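Some notes on the structure that comes next.
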Amino acid sequence: MSVKIEYHKFDVVVVGAGGAGLNAAQVASQYCKTAVISEVYPTRSHTISAQGGISAALGNLEEDHWHWHMYDTVKGSDYLCDQDAAEYMTKQAPEMIIALEHIGLPFSRTPEGKIAQRPFGGHTAEFGKRAVKRACYAADRTGHAMLQTLYEKSVAQGTHFYSEFYALELLVNDGAVNGVLCFDIQNGELHIFNAKAVVFATGGNCRIFQTNSNAHINTGDGLALAMRKGFSWSDAEFFQFHPTGIYGAGNLITEGVRGEGGILLNAQGERFMERYAPTIKDLAPRDIVSRSMTKEVLEGRGVGQFKDHTLLKIDHIGAANIMEKLPGIHELALVFAGVDCTKEPIPVNPTAHYQNGGIPTGYLSQVIKGNMEKEEFVPGFFAAGECASASVHGANRLGTNSLLDLVVFGRTAGEQAAKYAMANSIVSLKDDAGSEGLANLQKYANANGKYTFGEIWGELTRTMQTKMGVFRTEKLMKECYSTLLELEAKMDDYRVNDKSSVYNLDLIEALELNNMILVAKACTQAAILRKESRGGHFRDDYPDRDDVNFLKHTEVYLEEDCKTPRVDYRKVRLQPLTVETFPPKARVY
Amino acid sequence: MTTVTFEIFRYDPDKDKEPYYQTYKVELRRPGYLMLDALNQIKWEQDPTLTYRRSCREGVCGSDGLNVNGVNMLSCMTKVEDLGADHIVVQPLPGMNVMRDLVVDVDDFFNKFIAVKPYLIRKSPNPDKEIYQSPEDRKKLDGLYECILCGCCSSSCPSFWADKKYLGPNAALRAWRYIVDSRDEGAEERLPILNDKHGVWRCHTIYNCVEACPKELNPTEAIMNIRKMLLDQQV
């Protein structure tokens, strides 16, 4: 079968159009010819759903310093983040926020007209002494305001957009990344983008869990594409289970609710976080709050018919305050919980929210390939945002650091990719460039077997939810892995009913499911081998952190079969750029 | 368990000469079952070929505008029970070209949005700090910046259907969001684009856009404000 492929040449190709991708694109477009490839129209990317804020030590309402922010980030990460990246991000944060404001982001304001700030989980003054107002926000629509502003800016900047293009294969020639094979969802045509530099900003993968806050598109495609080409997924076992997902639906209720004074209650009406984090209580980092809530439920103090969740109370701050600062939350609680939060508490449960790890990068967003002995930057390959790991989140991300990560490392990736593109000539495509992605596409386009998306995805997400969730054990995770192998085998007996060339969502779901099974296997294998508890990875069989054996990044590669995870490790960069290292300490709040 | 009949617009240009409607039965499996849950139930359990857009599933990404029993809405924020009907007709957004089933071509919609220069235009140099904006000035953006670009407004507008060049309520709303922003200095660049027979004068104050907006915004009011500004400038 002959296949027609359209070829394009660009200096920089950005895959993904969320906050990181668009910030990379608008910056790179200022220097060179830049394209953005996105599975959805850019304004449909998942950054749009971010609610509560973006942190920066602006000190608009009280004294604050980037060094305090850095400390919180390192401690929040359970000391697994790279401290050079944590310094880089927190130091750049204030200037980054100002840059966003200057391009139009409609931040909420203080009475004197400065950018307003509010408290968020794990953000403290003077190295842990008290909560601090550090999160800049646009009501509870910060991500929405940011994504649209960045889209508008990149339009103004002349970025070339290829929307509803789905990436099938990352192209590599002689060790250098030089392009992407894509599928035009609207008409089924194939495109190869040959580029001097490629930026991955493909987002997360929490759709592998049954209860999650993620959009349909968050299926780990970028990770799967990178892993199939011999790159790794760093710290794959660390997921963030956000404490306040709406019970039953998983949709997010921002931590900003607790930042504005909301509290968590158990069946006895007790504000239980006072017991678990006496200093900052409900504003403890997310891993700690999620575990505390789950413990309350396991010990019989859950609410509702099945005593299986807790309550988030916010009505005491007053309806007017809620409608001004948290209007979106009011709407979500009404639709997804049937609750008017100006009068009643919202039923909540932890929800899979964020992938803390990702494609490993240096603090300048260059993708790293490495292990404990050596590491090197991959020519032409950059990554930023949730799909990447600089690493600033380590084992647990602080609330509001995700939007900051997107824009800081997105901008850096854009600058570095442009710089790289201007200094290097294009690496030509291999003769068979795209053949692997094309073979995979044809496998599913012609799949006439037995199993369809609904049943396999259902079992995948139920399994991940019950066996790879907030509390883990070796036994559960091994069971999880065997189920994943069974599901993987079923993918060889799969059926795509839809044979149309136009907007074939059935085919896209098959490709996404195939990627989801791969990333689920990778993170489960990483979790089995990390025999300690740290941040978002908590094991009943190894409840303590073990810095002697596990203060290191996991790096999951694939074996040559491109299916079986091979778990390796890499050193944590404990040395910051200019300040002193924050040595690992017990994590108490 | 309540079962509801869905009659859904189908069209695949690869095989269909013309569109048709296909009927499905959907179980409402819990209180508050959403239109998107219903579409997913059909796709994942009955007919994988049914095609529609969706992403965030919480009413902010704007992917899933649909016409349900004659009214534009987001599938992820609409409870089936709230429709008060056991027979539900689902169609693509009207006035836009259908690509397949419930998926419409939105390029024209986005191009019109871009045409009004939807970004902050500054002539003065920026300060080192943020550009100060009083809470009162910031409040002027409320009811404007929350637009999710779903297209429910423009595709409900008879003027938008009739005049293929009409910018539509969405573009006007976004233009006004920047014109009233105390930090913006680009009104004089945007007003001539809006002051066109395919611009704000094409609105006949039918208010369909206001009815259709899932975020309860008011594009007609934005259009009226722009017209007033244009008239004031002529005096």
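The values are calculated or read from the model by the stated rules, or taken from the named source; none is laboratory data. Since the model is a prediction, treat every value here as computed from it, not as a measurement. Heads up, the Cβs are rebuilt from the backbone with ideal geometry, glycines too, and the neighbour counts pull from every protein chain shown.
This table checks each residue for (1) within 13 Å of chain B (Cβ to nearest Cβ); (2) closer than 22 Å to B:F110 by Cα.
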{"position": "A:R109", "(1), (2)": "yes, no"}
{"position": "A:G113", "(1), (2)": "yes, no"}
{"position": "A:T124", "(1), (2)": "no, no"}
{"position": "A:R130", "(1), (2)": "no, no"}
{"position": "A:H160", "(1), (2)": "no, yes"}
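Only one of A:E436, A:E415 is within 29 Å of the chain's Cα centre (by Cα), at pLDDT 95 or above, farther than 30 Å from A:G122 by Cβ and assigned to a helix (DSSP H, G or I). Can you tell me which?
Numbers: A:E415 fails: farther than 30 Å from A:G122 by Cβ.
That would be A:E436, the only listed residue that is within 29 Å of the chain's Cα centre (by Cα), at pLDDT 95 or above, farther than 30 Å from A:G122 by Cβ and assigned to a helix (DSSP H, G or I).
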Legend entry - Segments classed as helices (runs of 4 or more DSSP H), wholly inside region B:156-219, with at least 3 members that are within 15 Å of B:N72 (Cβ to Cβ): B:158-162, B:168-179, B:208-212
Legend entry - Residue in region A:484-491 that is over 30 Å from A:G535 (Cα atoms), in contact (Cβ under 8 Å) with a residue 24 or more places away in the chain and not in a loop (DSSP other than H, G, I, E, B) present: yes
Inset, instruction - Would you check which residues across region A:539-574 are free of Cβ contacts under 8 Å to residues at least 40 places away in the same chain and part of a strand (DSSP E or B) and list them? - result: A:R566
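Considering only region A:135-149, state which residues are more than 10 Å from chain B (Cβ to nearest Cβ) and either surrounded by fewer than 24 Cβ atoms within 10 Å (Cβ to Cβ) or assigned to a helix (DSSP H, G or I) (or both). Give the derivation first.
Of all residues in region A:135-149, those more than 10 Å from chain B (Cβ to nearest Cβ) come to A:135, A:137, A:140, A:142, A:146.
Correct list: A:T142, A:M146.
Give the number of residues within region B:141-167 that are more than 10 Å from chain A (Cβ to nearest Cβ) and either of a type in the set (D, E, K, R) or surrounded by fewer than 19 Cβ atoms within 10 Å (Cβ to Cβ) (or both).
To start, the set of residues in region B:141-167 that are more than 10 Å from chain A (Cβ to nearest Cβ) comprises B:143, B:151-167.
Remaining after also requiring either of a type in the set (D, E, K, R) or surrounded by fewer than 19 Cβ atoms within 10 Å (Cβ to Cβ) (or both): B:143, B:158, B:161-165.
Result for region B:141-167: 7.
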Inset, instruction - Could you list, in sequence order, all residues of region A:543-589 that are among the aromatic types (F, W, Y) and in contact with a Ser or Thr (Cβ under 7 Å, 6 or more places away or on another chain)? - result: A:Y557, A:Y569, A:Y589
Inset, instruction - Would you please list the contacts, defined by Cβ atoms under 7 Å and residues six or more apart or on different chains, that run from a residue in region A:65-87 that is touching a residue at least 40 places away in the same chain (Cβ under 8 Å) and under 12 Å from A:E580 (Cβ atoms) to a residue that is surrounded by fewer than 23 Cβ atoms within 10 Å (Cβ to Cβ) and basic (K, R)? - result: A:Q83/A:R573
Legend entry - region B:57-85, residues that are away from every other protein chain (no Cβ under 14 Å), in a loop (DSSP other than H, G, I, E, B) and not aliphatic (A, V, I, L, M): B:N69, B:G70, B:G84
Inset, instruction - Within region A:477-497, identify whether any single residue is surrounded by fewer than 18 Cβ atoms within 10 Å (Cβ to Cβ), more than 20 Å from A:R228 (Cβ to Cβ) and within 24 Å of the chain's Cα centre (by Cα), and answer yes or no. - result: no
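Return yes when B:S75 is buried (at least 24 other Cβ atoms within 10 Å of the Cβ), small (G, A, S), under 12 Å from A:A215 (Cα atoms) and in contact (Cβ under 8 Å) with a residue 12 or more places away in the chain and no when it is not.
Numbers: buried (at least 24 other Cβ atoms within 10 Å of the Cβ): yes; small (G, A, S): yes; under 12 Å from A:A215 (Cα atoms): no; in contact (Cβ under 8 Å) with a residue 12 or more places away in the chain: yes.
So B:S75 does not fit the description; no.
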Inset, instruction - Please state which of the following conditions A:V470 fails to meet, knowing it meets all the rest: (1) without any contact (Cβ under 8 Å) to a residue 40 or more places away in the chain; (2) hydrophobic (A, V, I, L, M, F, W, C); (3) not in a helix (DSSP H, G or I). - result: (1)
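To keep it simple, each residue is scored yes or no on (1) within 27 Å of B:Q22 (Cβ to Cβ); (2) within 12 Å of another protein chain (Cβ to nearest Cβ); (3) of a type in the set (G, A, S).
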position: B:V89; (1), (2), (3): yes, no, no
position: B:K123; (1), (2), (3): no, no, no
position: B:K129; (1), (2), (3): no, yes, no
position: B:S134; (1), (2), (3): no, yes, yes
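Just to be sure before I move on: is A:I346 outside the structural domain of A:C523 (by TED's automatic domain parsing) and out of contact with any Phe, Trp or Tyr (no Cβ under 9 Å at 6 or more places or on another chain) in the structure I sent?
Working: outside the structural domain of A:C523 (by TED's automatic domain parsing): yes; out of contact with any Phe, Trp or Tyr (no Cβ under 9 Å at 6 or more places or on another chain): no.
No.
Condition check: surrounded by fewer than 17 Cβ atoms within 10 Å (Cβ to Cβ) and either under 29 Å from A:L264 (Cα atoms) or among the β-branched types (V, I, T) (or both). Does A:G394 satisfy that?
Values: surrounded by fewer than 17 Cβ atoms within 10 Å (Cβ to Cβ): no; either under 29 Å from A:L264 (Cα atoms) or among the β-branched types (V, I, T) (or both): yes.
No: the conditions fail for A:G394.
Here's a check for you: in region A:152-209, which residue that is basic (K, R) and in contact with a helix residue (DSSP H, G or I) (Cβ under 6 Å, 6 or more places away or on another chain) is surrounded by the fewest Cβ atoms within 10 Å (Cβ to Cβ)? Reasoning before the result, please.
Here is the first cut: in region A:152-209, the residues basic (K, R) are A:153, A:196, A:207.
Adding the requirement that they be in contact with a helix residue (DSSP H, G or I) (Cβ under 6 Å, 6 or more places away or on another chain) leaves A:153, A:196.
Numbers: A:K153: 23, A:K196: 27.
Among residues in region A:152-209 that are basic (K, R) and in contact with a helix residue (DSSP H, G or I) (Cβ under 6 Å, 6 or more places away or on another chain), the one surrounded by the fewest Cβ atoms within 10 Å (Cβ to Cβ) is A:K153.
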Legend entry - When residues of region A:287-335 are limited to those that are acidic (D, E) and either out of contact with any His (no Cβ under 9 Å at 6 or more places or on another chain) or within 14 Å of another protein chain (Cβ to nearest Cβ) (or both), the one surrounded by the most Cβ atoms within 10 Å (Cβ to Cβ): A:E296
Legend entry - Failed condition for A:G16, given (1) in contact with a helix residue (DSSP H, G or I) (Cβ under 6 Å, 6 or more places away or on another chain); (2) under 30 Å from A:S108 (Cβ atoms): (1)
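Among the residues of region B:115-137, are any closer than 30 Å to B:M73 by Cβ and free of Cβ contacts under 8 Å to residues at least 40 places away in the same chain? Outline the logic, then answer.
Applying the first criterion (closer than 30 Å to B:M73 by Cβ) to region B:115-137 yields B:115-119.
Checking the rest, the ones that are also free of Cβ contacts under 8 Å to residues at least 40 places away in the same chain come to none.
Checked region B:115-137: no residue is closer than 30 Å to B:M73 by Cβ and free of Cβ contacts under 8 Å to residues at least 40 places away in the same chain.
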Inset, instruction - Filter region A:1-36 for residues that are assigned to a loop (DSSP other than H, G, I, E, B) and either over 22 Å from A:I48 (Cα atoms) or touching a Gly at 6+ places or on another chain (Cβ under 8 Å) (or both) and give the result. - result: A:M1, A:S2, A:V3, A:K4, A:G16, A:G18, A:S29, A:Q30, A:Y31, A:C32, A:K33
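State which residue is surrounded by the most Cβ atoms within 10 Å (Cβ to Cβ) when the search covers only region A:336-367 and only residues that are hydroxyl-bearing (S, T, Y) and part of a strand (DSSP E or B). Steps first, answer last, please.
Start the filter on region A:336-367 by keeping residues that are hydroxyl-bearing (S, T, Y), which leaves A:342, A:351, A:354, A:361, A:363, A:365.
Those still in the list that are part of a strand (DSSP E or B) too: A:351, A:354, A:361.
Working: A:T351: 26, A:Y354: 25, A:T361: 28.
Across region A:336-367, the extreme among qualifying residues is A:T361.
Consider A:A284 carefully, then state whether it is closer than 29 Å to A:G357 by Cα, aliphatic (A, V, I, L, M) and within 14 Å of another protein chain (Cβ to nearest Cβ). Step through it out loud before you land on a result.
Details: closer than 29 Å to A:G357 by Cα: yes; aliphatic (A, V, I, L, M): yes; within 14 Å of another protein chain (Cβ to nearest Cβ): no.
The answer is no for A:A284.
Given B:E7, B:E18, B:E27, which one is acidic (D, E), surrounded by fewer than 22 Cβ atoms within 10 Å (Cβ to Cβ), away from chain A (no Cβ under 11 Å) and in contact (Cβ under 8 Å) with a residue 60 or more places away in the chain?
On the way: B:E18 fails: in contact (Cβ under 8 Å) with a residue 60 or more places away in the chain; B:E27 fails: in contact (Cβ under 8 Å) with a residue 60 or more places away in the chain.
Only one candidate qualifies: B:E7.
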Inset, instruction - Restricting attention to region B:93-108, report how many residues are at the interface with another protein chain (Cβ under 10 Å from one of its Cβ atoms) and farther than 13 Å from B:P13 by Cα. - result: 3
Inset, instruction - With the condition kept exactly as written, say whether any residue in region A:256-269 is among the β-branched types (V, I, T), under 30 Å from A:F453 (Cβ atoms) and surrounded by 24 or more Cβ atoms within 10 Å (Cβ to Cβ). - result: no
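If we scan region B:170-177, do we find a residue that is more than 9 Å from chain A (Cβ to nearest Cβ) and touching a Cys at 6+ places or on another chain (Cβ under 7 Å)? Reasoning before the result, please.
The initial filter retains those residues of region B:170-177 that are more than 9 Å from chain A (Cβ to nearest Cβ), namely B:170-173, B:175-176.
This time we only want the ones that are touching a Cys at 6+ places or on another chain (Cβ under 7 Å), so: B:170, B:173.
For region B:170-177, residues more than 9 Å from chain A (Cβ to nearest Cβ) and touching a Cys at 6+ places or on another chain (Cβ under 7 Å): present.
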Inset, instruction - Could you look through region A:43-80, keep only residues that are part of a loop (DSSP other than H, G, I, E, B), within 14 Å of another protein chain (Cβ to nearest Cβ) and farther than 25 Å from A:V289 by Cβ, and pick out the one that is nearest to the chain's Cα centre (by Cα)? - result: A:S45
